[in-house]
1. Among the listed residues GLN30, GLN24, which satisfies the condition of being touching a residue at least 12 places away in the same chain (Cβ under 8 Å) and assigned to a helix (DSSP H, G or I)?
2. Looking at region 1-21 only, could you name the residues that are assigned to a loop (DSSP other than H, G, I, E, B) and either surrounded by 10 or more Cβ atoms within 10 Å (Cβ to Cβ) or in contact with a Pro (Cβ under 8 Å, 6 or more places away or on another chain) (or both)?
3. Only one of these conditions is not met by ALA48: (1) in contact with a Phe, Trp or Tyr (Cβ under 8 Å, 6 or more places away or on another chain); (2) modelled with pLDDT of 65 or more; (3) not charged (D, E, K, R). Which number is it?
Amino acid sequence: MLLFSTLDRLRADLDTLRPLTPEQEARALQKFRLEWNYNFRYSAGLVATQYLSLEQLNLAASYHAPA
């Protein structure tokens, strides 16, 4: 299956970069969330620019709920 061979190749590529520093891991997670959010909005018909999505992520990350 082409999908599984692609996933295996990407996993092998990622494994060569390990161990990730906490900064690299956070940056990769932010990129994943940004891309997921953008693609989810696109598929729902709510196309947002990646800049706006990134700003939303930054605002959500800086929000602290009242104690």
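The values are calculated or read from the model by the stated rules, or taken from the named source; none is laboratory data. Owing to the predicted nature of the structure, the values given are computational and were not obtained by experimental measurement. Virtual Cβ from ideal backbone geometry, glycine too; neighbours counted across all protein chains shown.
1. After ruling out the rest, the residue left standing is GLN30.
2. Passing the criteria: only LEU20.
3. (2)
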